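Data block below; observations after.
The values are calculated or read from the model by the stated rules, or taken from the named source; none is laboratory data. This is a predicted model, so every value here is computed, not measured. Reconstructed Cβ throughout: ideal geometry from the backbone, glycine too, with neighbour counts over all protein chains shown.
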Amino acid sequence: MFRYTVTKDDFTEMSVHLMKQKSAKTSSKIKLVLFTVVQMAVIAWLIVTGKNVSPTIRVLMGIASLIWAGQTVFSYGCYKARAKMMLTNQADNDKSGDFWKEHRLQLQGNKVSISYGGKNASLECAQITGTQETENLTLLMSGQGIFEIVPKSVSKREDFKAFLEEIKSAAARRLKEAQEKQRRSALDNAVFKEYLPLSEEEVVRELVRMKRLSLLTAAGWSKVTVLVLLIPLLILGLSIFYGNTLYILFAALFFLLTNAGTLMIFTPLYKNVVKKQLQPAGEGGYLLTVAEDTVNLFTREYHYRHELGKLRKVMEGKDGTLYLFFPDQQMVFVPASVSAEFKKAVNRRRSLTEITGNQEAK
């Protein structure tokens, strides 16, 4: 068991580290430029060249532009000020101050547990995804973010390094056992199974096509994304109705900025985004099966399991490739070479049309 305390300076250092990570992303840099320099330049041009616009409106547009830019700079910079706000929120959320009491970190069977004051938390070893280093801290990471903050005075010790290795070994054993069990079950009960020796380039190309197709159907849209799309279109429509060129340009700019992420999906840049997010198949390619009303996709390291009953939409490309859309933006494509057999296997249990029809009815 490792015992230590986490100070407010440690918490601030951790917060700044996470903020800098987020700001370093290409998408964040693009948004920073768009929402500051670009929008200010365009609105300044509109203020100077706009005709029949009252001085009051010009002043209001200038103020709105400055506020927008200032808020963006604060959101992508001002790390220490934002860290202090997070620290205040942490204090508000932990009225008893338990977080600042002695932390106890240990490995218990297949779980890593922490406790401080009257609070306890634990994760399966397989859920610890690694560590990140800052100047004075080692951060234990999980799929949901940071699991624990460990001062370097502890993490530099040899017994702590052995502790991390033990977590990795336990996670690897548990993951391998679970995957083997799932693979055996999926293969033993499979009504369809096919090996797919797909290259990374082929997978990236199909995933990009799927994402673009999903946005051309209701399957790819949430209520929030629809709202973000409709608000600037409504402003644009009113601007056209009243015939005000200044407002038309402002509405067009607002639309482009608020929908930059969605629009990027239809550009060549999106292939690079998908390639970075792709979990490689490694040696052995992909194994696609249908078993017990689930679609399973196995690689050497990963297993993706999708319930057919939750299938939201099925689309078929001109070449026969099937695209399956599940909740939470989960997607699976079935190459044209095996799509006919795949459909037969699924339809023996329940037709794809019936499944998606029931989802649409809901």
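With respect to VAL53, determine if the residue is of a type outside the set (Asp, Glu), assigned to a loop (DSSP other than H, G, I, E, B), touching a strand residue (DSSP E or B) at 6+ places or on another chain (Cβ under 7 Å) and outside the structural domain of LEU257 (by TED's automatic domain parsing). Give the steps one after another, and end with the answer.
Working: of a type outside the set (Asp, Glu): yes; assigned to a loop (DSSP other than H, G, I, E, B): yes; touching a strand residue (DSSP E or B) at 6+ places or on another chain (Cβ under 7 Å): no; outside the structural domain of LEU257 (by TED's automatic domain parsing): yes.
So VAL53 fails the test.
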Subset of region 289-325 [modelled with pLDDT of 80 or more, surrounded by fewer than 19 Cβ atoms within 10 Å (Cβ to Cβ) and not in a strand (DSSP E or B)]: ASP293, LEU308, GLY309, LYS310, GLY317, LYS318, ASP319, GLY320, THR321
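Suppose we filter GLU166, GLU177, GLU201, GLU194 for residues that are at pLDDT 75 or above, surrounded by 12 or more Cβ atoms within 10 Å (Cβ to Cβ) and assigned to a helix (DSSP H, G or I); which single one remains? Quick ask: steps written out before the conclusion?
On the way: GLU177 fails: surrounded by 12 or more Cβ atoms within 10 Å (Cβ to Cβ); GLU201 fails: surrounded by 12 or more Cβ atoms within 10 Å (Cβ to Cβ); GLU194 fails: assigned to a helix (DSSP H, G or I).
Going through GLU166, GLU177, GLU201, GLU194 in turn, just one is at pLDDT 75 or above, surrounded by 12 or more Cβ atoms within 10 Å (Cβ to Cβ) and assigned to a helix (DSSP H, G or I): GLU166.
Check LEU34, LEU60 and return the single one that is under 18 Å from ALA251 (Cβ atoms) and in contact with a helix residue (DSSP H, G or I) (Cβ under 6 Å, 6 or more places away or on another chain). It would help to see each step written out before you state the result.
Working: LEU60 fails: in contact with a helix residue (DSSP H, G or I) (Cβ under 6 Å, 6 or more places away or on another chain).
Only one candidate qualifies: LEU34.
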Unmet requirement for VAL33, which otherwise passes all of (1) in contact (Cβ under 8 Å) with a residue 24 or more places away in the chain; (2) closer than 30 Å to LEU60 by Cα; (3) β-branched (Val, Ile, Thr): (1)
Given (1) out of contact with any Leu (no Cβ under 6 Å at 6 or more places or on another chain); (2) closer than 22 Å to LEU140 by Cβ, index of the condition PHE74 fails: (2)
Top-ranked residue in region 82-127 [being part of a helix (DSSP H, G or I) and among the charged types (D, E, K, R); ranked as modelled with the lowest pLDDT]: ASP92
Cross-chain or 6+ apart pairs with Cβ under 8 Å, region 98-109 first and outside the structural domain of PHE160 (by TED's automatic domain parsing) and of a type in the set (S, T, N, Q), then surrounded by fewer than 16 Cβ atoms within 10 Å (Cβ to Cβ) and outside any loop (DSSP other than H, G, I, E, B): none
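Among what's in region 139-163 and is of a type in the set (S, T, N, Q) and assigned to a helix (DSSP H, G or I), pick the residue that is surrounded by the fewest Cβ atoms within 10 Å (Cβ to Cβ).
At the first step, the residues of region 139-163 found to be of a type in the set (S, T, N, Q) are 142, 144, 153, 155.
Filter once more, keeping what is assigned to a helix (DSSP H, G or I): 153, 155.
Values: SER153: 10, SER155: 20.
The qualifying residue surrounded by the fewest Cβ atoms within 10 Å (Cβ to Cβ) is SER153.
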Filtered residues of region 47-80 (kept if loosely packed, with under 11 Cβ neighbours inside 10 Å and at pLDDT 90 or above): ILE63, ILE67
Test: ASN120 is out of contact with any Ser or Thr (no Cβ under 6 Å at 6 or more places or on another chain) and closer than 30 Å to SER27 by Cα: no
